[in-house]
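Heads up: the structure comes next, in structure tokens.
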Ligand SMILES: NC(=O)c1ccc[n+]([C@@H]2O[C@H](COP(=O)([O-])OP(=O)(O)OC[C@H]3O[C@@H](n4cnc5c(N)ncnc54)[C@H](O)[C@@H]3O)[C@@H](O)[C@H]2O)c1
Ligand SMILES: [Zn+2]
């Protein structure tokens, strides 16, 4: 690989990670690994200026505007921050500052809150607009969602300027994060991975009533605008507090880099005492006039510098490896560790993912290991400390039978995970399936939680989700902690679930690889369970987004007489097994085979309606333009990057009118 290819590859790789992180809220590498790669690219680009590209991830803010909100152009651009990792980096920065603006500089140090950036606009003291950072030039209008955050003032106090834009970070404090996850686990749902991505995902929800349920908070760190009533950054924070904003009190004015380093050392130790996550410190030139003189690079202010805390590692001993069985029978190996302090919590377990991972690390029971916390709540083992390996340790042999039911395990070709095939009577699979069935996105059975399901199974009152519909009050009352009222609620919840629409019932059945979106696709395509049941593999794979793996799994599911018996029972109880009439209205295949991207703001119909129209007419909507995009439905104020990409690829553009005409 030559240098140019290497640079190109790194850029492409970083773009993908940006997309995973900012758009999907599902990073696949740790921030530390991401920053390392970005640094590597930066070094290569500095050494080879001939390959400069204004679109490189080193030159641009990593996010994007999504298609789900109105797009707003920022009056003042939103930037990222330059990063430093050592004392030397900070000293180099100070030397550059001295050269540019002289020696008379003081700084403000603040913590770097780990959440999502937000810009909030006030006019005459009233909150008028809240916008995400997006690509730095344009962001998503998330006003309705931000208004649900209690600490964000809707009205300012005291002598505020007529027009004001304030910048901050929306975060999810640890406490709220834990509560949210406890609720999810009780409802049989997968817990969220970490506070930052959950905050980001919450902010992007379409339903602000749901956002209001998320215990988000907003910490402010900067005011932008003309003729503002302060001379230094530190004063601006004090002012913002007076206006009613939540500005953390840890910010501190310091006079030189030595004091900056003391602040860093202090918070490196103590950051875990804070009620929310921080990933570093931000140092800012204090004097606003000096800030203006220094200005910005393509990506970040020259007057500010982030210093990232090191990802923390712990060193401990792996006592033994145990195994968990999930609802689909998937086996996950878990490392049970000698408890050790890591990033503010005591860690006792770490994920080992699958057999390959164990082999790759060559980890053995009794080994000393290094544990790290990345993007996941469950920490992972990053390496074995071979210097401490006792000679007596033997290579770990993976289990061959299910730890819960003793059935020989299976591993399909090309899959990393082992499965317990005994779906019918393996206890965690039975419980897991029922927990999935009642979960919020599925049948949403109110009054019934994951723990009660486990109890009902243990007491042999139910063996399958179908049994739920035959539960009687007399059976429930003798259960521990089951008062008359809770029994009633539970039964009412079960009764009410009979109205849940077909696509969710289909998802609730728990067919492997059939998630929410796939269930919806299948429901829309096949309209009822009978046609779906009779579909052949060829037929299935012809449906948009249904691949072989999903098709095989559907065929297998319906080929199993036990499942058919369940479905027949559920039909008898009155669950919905065909698609609701409203959904069928206006369904055509006019746009079948075409892929659309929607961008900008529209006047006659909303973006959401456009999306629905496309899908109802058989088209497909994706979020970013690629060679596969057939049409770009372009509203006003479209993102410049989208436009450029569409032009480059020659994507057909449709105005709002042209799009509507296409349908008629
Ligand atoms: N793991 C991945 O795949 C992946 C992918 C992309 C980005 N990332 C991570 O995202 C980050 C890069 O994102 P970025 O461009 O937002 O840079 P950044 O997070 O390093 O810095 C900029 C942001 O810091 C925030 N911030 C928090 N406290 C602040 C304060 N007191 N003052 C000023 N700003 C403050 C602001 O919202 C600002 O937008 C890095 O941490 C990177 O590792 C990870
Ligand atoms: Zn089993």
Failed item in (1) in contact with a strand residue (DSSP E or B) (Cβ under 9 Å, 6 or more places away or on another chain); (2) farther than 16 Å from residue 197 by Cα; (3) buried (at least 17 other Cβ atoms within 10 Å of the Cβ), with residue 39 passing the rest: (3)
Residue 46, sole failed condition from (1) out of contact with any strand residue (DSSP E or B) (no Cβ under 9 Å at 6 or more places or on another chain); (2) part of a helix (DSSP H, G or I); (3) near ligand 1 (Cβ under 8 Å from one of its atoms): (3)
3 or more residues more than 19 Å from residue 16 (Cα to Cα): qualifying strands (runs of 3 or more DSSP E) within region 604-664: 631-634, 652-654
Residue identified as touching a strand residue (DSSP E or B) at 6+ places or on another chain (Cβ under 8 Å) and surrounded by 17 or more Cβ atoms within 10 Å (Cβ to Cβ) among 654, 613: 654
Residue list for region 390-443, restricted to those being more than 16 Å from ligand 2 (Cβ to nearest atom), touching a residue at least 40 places away in the same chain (Cβ under 8 Å) and in a loop (DSSP other than H, G, I, E, B): 396, 416, 439, 440, 441, 442, 443
Residue match in region 157-169 (condition: within 14 Å of ligand 1 (Cβ to nearest atom) and in contact with a helix residue (DSSP H, G or I) (Cβ under 7 Å, 6 or more places away or on another chain)): yes
Matching residues in region 376-389 - criterion: being within 16 Å of ligand 1 (Cβ to nearest atom) and assigned to a loop (DSSP other than H, G, I, E, B): 376, 377, 379
Residue tally, condition within 12 Å of ligand 1 (Cβ to nearest atom) and touching a strand residue (DSSP E or B) at 6+ places or on another chain (Cβ under 6 Å), over region 273-304: 10
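Results for (1) within 16 Å of ligand 1 (Cβ to nearest atom); (2) in a loop (DSSP other than H, G, I, E, B); (3) surrounded by 16 or more Cβ atoms within 10 Å (Cβ to Cβ), shown as yes or no for each residue.
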| site | (1), (2), (3) |
| --- | --- |
| 306 | yes, no, yes |
| 316 | no, no, yes |
| 328 | no, yes, yes |
| 332 | no, no, yes |
| 335 | no, no, yes |
| 347 | no, no, yes |
Residue among 575, 532, 587 that is in a loop (DSSP other than H, G, I, E, B), over 30 Å from the mean Cα position of the chain (by Cα) and buried (at least 16 other Cβ atoms within 10 Å of the Cβ): 575
Failed item, numbered, when residue 519 is tested on (1) assigned to a loop (DSSP other than H, G, I, E, B); (2) closer than 26 Å to residue 185 by Cβ; (3) free of Cβ contacts under 8 Å to residues at least 24 places away in the same chain; (4) under 33 Å from the mean Cα position of the chain (by Cα): (1)
Failed condition for residue 321, given (1) surrounded by fewer than 16 Cβ atoms within 10 Å (Cβ to Cβ); (2) away from ligand 2 (no atom under 16 Å from the Cβ); (3) within 30 Å of residue 553 (Cβ to Cβ): (1)
Residue among 99, 124, 129, 157 that is over 23 Å from the mean Cα position of the chain (by Cα) and within 21 Å of residue 68 (Cα to Cα): 129
Matching helices (runs of 4 or more DSSP H) fully within region 445-509 where at least 1 residues are at pLDDT 90 or above and either touching a strand residue (DSSP E or B) at 6+ places or on another chain (Cβ under 9 Å) or closer than 18 Å to residue 572 by Cβ (or both): 484-496, 502-508
Contacts under 6 angstrom Cβ, first residue in region 231-251 being buried (at least 17 other Cβ atoms within 10 Å of the Cβ), partner part of a helix (DSSP H, G or I), 6 or more apart: 247/237; 247/240; 247/241; 251/237
Long-range neighbours under 7 Å by Cβ, at least six apart or interchain, first residue outside the structural domain of residue 217 (by TED's automatic domain parsing) within region 117-132, second surrounded by fewer than 24 Cβ atoms within 10 Å (Cβ to Cβ): none
Test set (1) part of a loop (DSSP other than H, G, I, E, B); (2) touching a helix residue (DSSP H, G or I) at 6+ places or on another chain (Cβ under 8 Å) - residue 200 fails condition number: (1)
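The values are calculated or read from the model by the stated rules, or taken from the named source; none is laboratory data. Quick caveat: nothing in here was measured; it's all calculated off a predicted structure. For neighbour counting, all protein chains shown are included, and Cβ atoms are generated from backbone atoms with ideal geometry for every residue, glycine included.
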